[in-house]
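**Student:** This is the structure I want to talk about, given as structure tokens.
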Amino acid sequence: MLSPLKESIYFARQHIQPLLSIALLLSLPVWLVDYWLPTPAAEDDAGIETLVAGLVFTTFGVLQFATAMCYIHQQVLGQPIGVLQAISRGASRLGPLLLINLLMALAIGLGLILLILPGLYMAYKLLFSEFFLLFHGQRALQAMRSSYSANQLLSDKLLPPLLVWLTTVASAAIGQQMLLPQADSALPITLLFEAFNLLLTIWGWALLYRLYQRYIAPTQSRPAHQQDSAVAIRSTTEPRSPDQAPTQSEPETSSESQSRPDPTTERDSDRHQ
């Protein structure tokens, strides 16, 4: 049940350098905007500054996730690509990705308004929408429907590792808030937890892809009847062992059958004599 946690940690450790490069490169614009964005002097300016910061944060957050998934996907397929190629692939789907994130936010937000639990349920059901858009070529609404139906009866497999990861993220956030008031300088604590949060993000990428690969992707394979027919075709072409007797539907191919005289030929030769 929790084996995806260990497998994702192993994968993240093996690919820490490129995944960390993706995290840093696509987090840098957000940090720069947050640092250089001037503090608004009026309430009207505050709305504009918040809108700009929100657009930058959303765009680069979506691009960062898509880039990481493209990189991991190609590694799993045995067709590795570099960081810049992964960024290019993610950027090529940025428009549909922004649209699907907007639709997901609306669905989850509406659910949160309705007593919170429906919103959490929608967040769980739509968790793999971006995977269907990126790896199955589906449009936004189709990808959301596919994600909604793909993780049926999988809550006992998907939720435990996700809850462990979410608990770790929440614990890190709580620890940061507890340590900041006690520290003489906030900068070291902030940098320490920013680095730790980057590692948690990379682990989360690997974990989410591993859950998709292990539980969601197999549900999108060819139907069972096609697999049965493929097995049947394969079984008819398998070579028979030398000591295996021929079946009734197979012609005899042994040397004895080839050397046995034909009775009709013998009768014809006797009549001629």
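The values are calculated or read from the model by the stated rules, or taken from the named source; none is laboratory data. Remember, it's a predicted structure, so these values are computed and weren't measured experimentally. Don't worry about glycine lacking a Cβ; one is built from the backbone with ideal geometry, like all the others, and counts go over all protein chains shown.
**Student:** Counting just the residues of the range 118-139 that are small (Gly, Ala, Ser) and either buried (at least 21 other Cβ atoms within 10 Å of the Cβ) or farther than 15 Å from LEU94 by Cα (or both), which one comes out farthest from the chain's Cα centre (by Cα)?
**Tutor:** So in the range 118-139, the residues small (Gly, Ala, Ser) come out as 119, 123, 129, 137.
Going one step further and asking which of them are either buried (at least 21 other Cβ atoms within 10 Å of the Cβ) or farther than 15 Å from LEU94 by Cα (or both), we end up with 119, 123, 129.
Details: GLY119: 22, ALA123: 16, SER129: 10 Å.
Residue satisfying both the conditions and the ranking: GLY119.
**Student:** Evaluate the range 110-121: report whether one residue or more is in a helix (DSSP H, G or I) and touching a residue at least 24 places away in the same chain (Cβ under 8 Å).
**Tutor:** In the first step, residues of the range 110-121 are kept if they are in a helix (DSSP H, G or I); the result is 110-113, 117-121.
Now drop any that are not touching a residue at least 24 places away in the same chain (Cβ under 8 Å), which leaves none.
The answer is no; no qualifying residue exists.
**Student:** Here's another thing I want to ask about it. When the range 96-109 is examined, which residues are found to be in contact (Cβ under 8 Å) with a residue 24 or more places away in the chain and out of contact with any Gly (no Cβ under 8 Å at 6 or more places or on another chain)? Give the steps one after another, and end with the answer.
**Tutor:** Within the range 96-109, the subset in contact (Cβ under 8 Å) with a residue 24 or more places away in the chain is 96-101, 103-104, 107.
Answer for the range 96-109, where residues must be in contact (Cβ under 8 Å) with a residue 24 or more places away in the chain and out of contact with any Gly (no Cβ under 8 Å at 6 or more places or on another chain): PRO96, LEU98, LEU99, ILE100, ASN101, LEU103, MET104, ALA107.
**Student:** Now for a separate question. Working only within the range 1-30, note down all residues that are charged (D, E, K, R) and touching a residue at least 24 places away in the same chain (Cβ under 8 Å).
**Tutor:** GLU7
**Student:** In addition: When the residues of the range 200-220 are narrowed to those that are of a type in the set (S, T, N, Q) and within 17 Å of HIS136 (Cα to Cα), which ends up surrounded by the most Cβ atoms within 10 Å (Cβ to Cβ)?
**Tutor:** Within the range 200-220, the subset of a type in the set (S, T, N, Q) is 201, 213, 219-220.
Within this subset, residues satisfying the condition of being within 17 Å of HIS136 (Cα to Cα) are 213, 219-220.
Values: GLN213: 16, THR219: 12, GLN220: 12.
Among residues in the range 200-220 that are of a type in the set (S, T, N, Q) and within 17 Å of HIS136 (Cα to Cα), the one surrounded by the most Cβ atoms within 10 Å (Cβ to Cβ) is GLN213.
**Student:** Which of the residues that make up the range 86-108 are part of a helix (DSSP H, G or I) and of a type outside the set (A, V, I, L, M, F, W, C)? So that I can check it myself, show each step before the final result.
**Tutor:** To start, the set of residues in the range 86-108 that are part of a helix (DSSP H, G or I) comprises 86-92, 94-108.
Selection gives SER88, ARG89, GLY90, SER92, GLY95, PRO96, ASN101.
**Student:** For a quick check of your reading of the model, give me the residue pairs whose first member lies in the range 70-95 and is closer than 14 Å to GLN17 by Cβ, whose second is assigned to a helix (DSSP H, G or I) and of a type in the set (Ser, Thr, Tyr), with beta-carbon atoms closer than 6 Å and at least 6 apart or on different chains.
**Tutor:** ILE72/TYR209; VAL83/SER21; ALA86/THR67; ALA86/TYR71
**Student:** Just a yes or no: is a residue in the range 165-188 polar (S, T, N, Q), touching a His at 6+ places or on another chain (Cβ under 9 Å) and either at pLDDT below 95 or over 14 Å from LEU127 (Cα atoms) (or both)? Step through it out loud before you land on a result.
**Tutor:** Taking the range 165-188 as the starting set, the residues that turn out to be polar (S, T, N, Q) are 167-168, 171, 176-177, 182, 185.
Right, trim to touching a His at 6+ places or on another chain (Cβ under 9 Å) and you get none.
No, the range 165-188 has no match at all.
**Student:** Moving to a separate point now. If I ask for residues that are loosely packed, with under 15 Cβ neighbours inside 10 Å and assigned to a helix (DSSP H, G or I), which ones from the range 180-191 would you list? First the steps, then the outcome.
**Tutor:** Taking the range 180-191 as the starting set, the residues that turn out to be loosely packed, with under 15 Cβ neighbours inside 10 Å are 180-188, 190-191.
Across the range 180-191, the qualifying residues are LEU180, PRO181, GLN182, ALA186, LEU187, PRO188, THR190, LEU191.
**Student:** Sticking with this one: Failed condition for GLY137, given (1) assigned to a loop (DSSP other than H, G, I, E, B); (2) closer than 15 Å to VAL62 by Cα, with all others met?
**Tutor:** All conditions pass for GLY137, except number (2).
**Student:** Restricting attention to the range 79-105, which residues are under 14 Å from ARG139 (Cβ atoms) and charged (D, E, K, R)?
**Tutor:** ARG93
**Student:** So, in the range 79-103, exactly how many residues are closer than 18 Å to LEU25 by Cα and not basic (Lys, Arg)?
**Tutor:** Residues flagged as closer than 18 Å to LEU25 by Cα and not basic (Lys, Arg) within the range 79-103 amount to 12.
**Student:** While we're on this one: Give the residues of the range 20-60 that are buried (at least 17 other Cβ atoms within 10 Å of the Cβ) and either in contact with a Phe, Trp or Tyr (Cβ under 7 Å, 6 or more places away or on another chain) or modelled with pLDDT under 80 (or both), sorted by residue number.
**Tutor:** ILE22, LEU26, VAL30
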